[in-house]
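The values are calculated or read from the model by the stated rules, or taken from the named source; none is laboratory data. Since this is a predicted model, take the numbers as computed values, not measurements. Here the Cβ positions follow ideal geometry from the backbone for every residue, glycine too, while neighbour counts run over all protein chains shown. Each accessible area value is taken on the protein alone, full model and side chains, heavy atoms only, with ligands, DNA and RNA left out. Shrake-Rupley method; radii C 1.70, N 1.55, O 1.52, S 1.80 Å.
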Amino acid sequence: MEERNQERKYGAIAFLPLLIFLVLYIGSGMLFTFLGAEGAFKKFPRHVALLIGIVVALLMNREMKLDKKIEIFSENAGNAGVILIGLIYLLAGGFQGAAKAMGGVESVVNMGLTFIPSSVLVPGIFLISCFISTAIGTSMGTIAAMAPIALGVAEAAGLNVPLTASAVIGGAYFGDNLSMISDTTISAAQGVGSEMKDKFKMNFFIALPAAIVACILYGVLGGVAPIEGEHTFYITRVIPYIVVLISALLGFNVSGVLFLGIAMTGVIGLVEGKITFLEWVGAIGEGMADMFSITIVAILISGLIGLIKYYGGVDWLVESITKKMKERKDAEYGIGLLSGILSAALVNNTIAIIISAPIAKEIGEKYTIAPKRLASLIDIFACAFLALTPYDGGMLIITGLVDVSPISVLKYSFYIFALIIATCITIQFGLMRTKEEKIAIEKGKQ
């Protein structure tokens, strides 16, 4: 027992390896950004920074044998939950790649553009971005597909370009936070042990009022301008997205749903002559390859967090945070801020969620917070804080297309601000609690 206590003696120092990773990755990214380098956060690869942190963790605690440390790391890196996350990442990437290759993204965009009335152009752009991002599960992909068209229309019609840009970004993060195939949703739900459909429902009823507020403000401040030209779309190419979303919401196994979606893209693409079999297979492979990086990061961080937890770091952090928490709402604010600050610092909401999830789960167990609520909180704050950073990838795409400053775009981020406010209201007034949570709270009062 004494030996075990010695192994877990580190407390705050147990987080040194994670801190080293953050300093190396964020520090180098900020330095190269200051120097004006292109792809600043890629100059010092996050995998290398993370590997250095892992080496530091393995060198700590000399009382433990190296074999045991590696065993603890491997058990946590390769546990069933982490491997499932990796599998879903790869399937989601394969589906996204195959759907794009058979013309799915193009049809989703054009379908939306076809039905936008000129009197509600900017709100329409926001809603189309919401639909696209929910369908394809990526904010960056949505901005890349939608921004050139939306900003081109805004410039040609003399509309408020920063306002239009913020509508695209807001809509992109709407789906990034909700989509069943978004890496943030996958990481948040699996990381805290929530069903994705439950997390979706929890998020949706927070995001919906925020989206309504944003639509109204975009409608009041936006102008009138028709979208000219033909925007051909094929409804059959949109069907796989709809099937994946509905099937996942109905509770079907997400991995199975994504397999079905991939198969549908192949059938539709081959029947319509859009792609050949080898092109379809290649697109699946490319989509999966795009997810290799985040999959490896998830595995390595899970192993590192496992060591930090074994050294007593997570217990120390939870105890330190909860000491200052007088009630449940303090815990929810703390969980949200942890995820949000990490997201803004790392410039990556998915990695922030992967780091935050095990800590949020520990705090959630102490305060009887449902997994779906935990998943919702860490996902919302991670996406919202990242969307409000002027150096986010989506913002860089926007500012690269048109001559606007990030600040001029951010001041119109109605959806993001409304989402944060809506979430804080649910925390402050104890809204959206499950029956089990309410019973636990009542018992605690007695």
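Which of the residues belonging to the range 308-317 are under 25 Å from the mean Cα position of the chain (by Cα) and surrounded by fewer than 24 Cβ atoms within 10 Å (Cβ to Cβ)? Give the steps one after another, and end with the answer.
Going through the range 308-317, the residues under 25 Å from the mean Cα position of the chain (by Cα) turn out to be 308-309, 314, 317.
Residues satisfying the conditions are 309, 314, 317.
Examine the range 21-33 for a residue that is open to solvent by 60 Å² or more (accessible area, probe 1.4 Å) and at pLDDT below 85, and state whether such a residue exists. Spell out the reasoning first.
First, the residues of the range 21-33 that are open to solvent by 60 Å² or more (accessible area, probe 1.4 Å): 23, 30-33.
Now narrow it down to the ones that are at pLDDT below 85: 30, 33.
Yes; the residues of the range 21-33 include at least one that is open to solvent by 60 Å² or more (accessible area, probe 1.4 Å) and at pLDDT below 85.
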**OP:** Scan the range 41-71 for residues that are hydrophobic (A, V, I, L, M, F, W, C) and crowded, with 19+ Cβ neighbours inside 10 Å and jot them down.
**Re:** 41, 49, 50, 54, 57
Original post:
residue 13 is checked against (1) farther than 15 Å from residue 351 by Cβ; (2) modelled with pLDDT under 90; (3) aliphatic (A, V, I, L, M) and fails just one. What number does that condition carry?
Top reply: (2)
**OP:** Return the residue satisfying two criteria in turn: it lies in the range 72-86 and is open to solvent by 20 Å² or more (accessible area, probe 1.4 Å) and in contact with a Leu (Cβ under 9 Å, 6 or more places away or on another chain), and of such residues it is modelled with the lowest pLDDT.
**Re:** 76
Original post:
Taking the range 318-343 as the search range and keeping residues that are assigned to a helix (DSSP H, G or I) and at pLDDT below 90, which one is surrounded by the fewest Cβ atoms within 10 Å (Cβ to Cβ)?
Top reply: 323
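Of all the residues that make up the range 219-253, how many are open to solvent by less than 30 Å² (accessible area, probe 1.4 Å) and either within 24 Å of the chain's Cα centre (by Cα) or at pLDDT below 90 (or both)?
Filtering the range 219-253 down to residues open to solvent by less than 30 Å² (accessible area, probe 1.4 Å) leaves 222-223, 225, 237-238, 240-241, 244, 247-248.
With the extra rule that they be either within 24 Å of the chain's Cα centre (by Cα) or at pLDDT below 90 (or both), the set shrinks to 222-223, 225, 238, 240-241, 244, 247-248.
Number of matching residues: 9.
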Original post:
Given the structure, is residue 286 among the acidic types (Asp, Glu), modelled with pLDDT of 90 or more, more than 15 Å from residue 96 (Cα to Cα) and out of contact with any Asp or Glu (no Cβ under 9 Å at 6 or more places or on another chain)?
Top reply: no
